[in-house]
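Before any comments, here is the structure.
The values are calculated or read from the model by the stated rules, or taken from the named source; none is laboratory data. Bear in mind the structure is a predicted one, so any value in this text is a computation, not a measurement. For neighbour counting, all protein chains shown are included, and Cβ atoms are generated from backbone atoms with ideal geometry for every residue, glycine included. Note: areas computed on protein heavy atoms with side chains; ligands, DNA, RNA excluded. Shrake-Rupley method; radii C 1.70, N 1.55, O 1.52, S 1.80 Å.
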Amino acid sequence: MTAGSALRQGQALLEGGGVAEARLTAEVLLCHALRRERVYLYSHPEHELSTVEWLHYGRYLHERLKGKPTQYITRRQEFFGREFVVSAEVLIPRPETEHVVERAAAVAREARRVLDIGTGSGALAVTLALEQGRELVVATDISAGALRVARENARRLGALVRLVRTDLAAGLGGAFDLIVSNPPYIPESEIAHLQHEVRDWEPRVALAGGADGAEPYRRIVPEAERLLRPGGWLIFEIGFQIEAAVRAAFGPRWRDIETGCDLAGLPRVISGRYAP
Ligand code: GLN
């Protein structure tokens, strides 16, 4: 079996199973089985698969057909130009979350002390640690499994991040210049309607945001008031349904509250400045 025909067969199988982007997915899974970059497939379509490669490829296709997201099979996802390790214990970093990094660069470029609440894979904390000269980056998560993944990413990418297992920011002290968070924000009633790859595979603790989706934000704002220095920034990722609720959560001690949209034109980040 050559790589070229393995690709065609894989694509047909995935298409038959209703998997979106069947060709691309087959390429990614075949590369993972071959432990090669994608460009190799184009330069070596005649590559003969070894038995082991063929078995791996077959297993990956089978897993994808059962609904497992490609990133949980390859254990990789790119975020802000870097490759992150992921496992089923963390939310797969989304391109939308890069808007949080961009907003941080726009309003809080000089922030020296940064806190990421609910870091998951560590995508935000690691990226923020590497993008600017920081003095301290702290990242929290309630999940020990997530912190293991975040630790691996920090180590692999050479970022200095202090990881703390706690619920949101409970027990933390200190004065931060910037707090970021992409908390769970799917309203309870919408969980059942999520894409099945998300609903059945990604961690519920990273998705479910209580009755209206904004509960984590109402808990984080008071923590931010405790942990930010006056003039410090809080930057959230949000879902488009909860913009009004999150704006309301900021309360009277905040200024310069501003929403930013993602590439689809939907509200995706909110930043505010703590002005007690
Ligand atoms: N963006 C994710 C989704 O739509 C949700 C992430 C979150 O709840 N923080 O599936």
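Please report Rg (one decimal) and Dmax (integer) in Å for the Cα set of the chain.
Using the Cα atoms of the chain, the pair Rg, Dmax is 20.5, 67 Å.
What percentage of the solvent-accessible surface of the chain, computed with a 1.4 Å probe over protein heavy atoms, is contributed by carbon and sulfur atoms?
Values: 6590 of 12770 Å².
C and S atoms contribute 52 percent here.
Please turn the phi angles of segment 175-182 into ³J(HN,Hα) values with the Karplus equation 6.51 cos²θ - 1.76 cosθ + 1.60 (θ = phi - 60°), one per residue in order, whole Hz, x for glycine and proline.
Per-residue couplings from phi come out as 10, 9, 8, 8, 10, 10, 7, 10 Hz.
Residue by residue through segment 121-132, which ³J(HN,Hα) values in whole Hz follow from phi under the Karplus form 6.51 cos²θ - 1.76 cosθ + 1.60 (θ = phi - 60°), with glycine and proline marked x?
Computed from phi, the couplings for segment 121-132 are 5, x, 3, 5, 4, 5, 4, 5, 5, 8, 7, 9 Hz.
Quick check: the angle from helix 3-16's long axis to the longest principal axis of the chain, C-alpha only, nearest 10 degrees?
Tilt relative to the chain: about 60 degrees.
Taking the Cα centre of segment 72-186 as origin and charging only Cβ (+1 Lys, Arg; -1 Asp, Glu), how large is the dipole, in debye to the nearest 20?
Details: 15 positive and 14 negative charges, 68 e Å.
Charge dipole of segment 72-186: 320 debye, to the nearest 20.
Nearest 10 degrees, 0 to 90: what angle lies between the long axis of helix 51-65 and the longest principal axis of the chain (Cα atoms)?
Approximately 50 degrees, to the nearest ten.
Relative contact order for segment 131-245 using alpha-carbon pairs under 8 Å, separation at least 6, rounded to a whole percent? Numbers along the way, then the final one.
Working: 139 pairs, mean separation 32.4, N = 115.
Once divided by the residue count of segment 131-245, the mean separation gives 28 percent.
Would you mind working out the magnitude of the charge dipole of segment 1-84 relative to its Cα centre, with +1 at each Lys and Arg C-beta and -1 at each Asp and Glu C-beta, to the nearest 20 Debye?
Details: 12 positive and 10 negative charges, 57 e Å.
With Lys and Arg at +1 and Asp and Glu at -1, about 280 debye.
At a threshold of 8 angstrom on Cα-Cα distance, excluding pairs fewer than six apart, so keeping six or more, what relative contact order does segment 1-121 reach in percent?
Working: 105 pairs, mean separation 23.9, N = 121.
Relative contact order, segment 1-121: 20 percent.
In a shell of Cβ-Cβ distance under 12 Å around residue 154, excluding residue 154 itself, what net charge do Lys and Arg (+1) and Asp and Glu (-1) give? Kindly include the intermediate steps, with their values, before the conclusion.
On the way: positive: 82, 148, 151, 155, 156, 162; negative: 116, 152.
Value of the local net charge: +4.
Going 7 Å from the Cα of residue 78 in the Cα-to-Cβ direction, what parts of segment 7-33 have a backbone nitrogen less than 11 Å from that spot?
Within reach of a label on residue 78: no residues.
From the phi angles alone, apply the Karplus equation (6.51, -1.76, 1.60; θ = phi - 60°) to segment 135-141 and give each ³J(HN,Hα) in whole Hz, x where the residue is Gly or Pro.
Running phi through 6.51 cos²θ - 1.76 cosθ + 1.60 with θ = phi - 60° gives 8, 7, 10, 10, 9, 10, 7 Hz.
Cα centroid distance between segment 69-131 and segment 2-36, in Å?
Cα centres, segment 69-131 to segment 2-36: 27 Å.
Using only alpha carbon pairs under 8 Å that are at least six residues apart, calculate the relative contact order of the chain and give it in whole percent.
Working: 499 pairs, mean separation 38.5, N = 276.
With pairs under 8 Å counted, the relative contact order is 14 percent.
Longest segment of the chain with no GluC sites (Glu not before Pro) in a DSSP loop having at most 10 other Cβ atoms within 10 Å? Don't skip to the end; give the middle numbers.
Values: sites that count: 37, 46, 110, 135.
Value returned for the longest uninterrupted segment is 136-276.
Does anyone have the angle between helix 98-107 and the longest principal axis of the chain? Alpha-carbon axes, 0 to 90°, nearest 10?
30
Mind listing P(r) for segment 67-169? All alpha-carbon pairs, 10 Å bins, whole percents.
Histogramming segment 67-169 at 10 Å steps yields 17, 51, 29, 4, 0 percent.
Of 262, 116, 177, which has the largest mean-square fluctuation in a 10 Å C-alpha GNM of the chain?
Per the Cα network of the chain with a 10 Å cutoff, 262 tops the list.
Which of rounded, prolate, oblate describes segment 168-276, given a ≥ b ≥ c as roots of the alpha-carbon gyration tensor eigenvalues and a/c under 1.5 marking rounded, otherwise prolate only if a/b is larger than b/c? Please report the intermediate quantities before stating the final value.
Details: a/c = 2.26, a/b = 1.62, b/c = 1.39.
Note, shape of segment 168-276 comes out prolate.
Summing +1 for each Lys or Arg and -1 for each Asp or Glu, what net charge is found among the other residues whose Cβ lies under 13 Å from the Cβ of residue 192?
Net charge in that neighbourhood comes out at -1.
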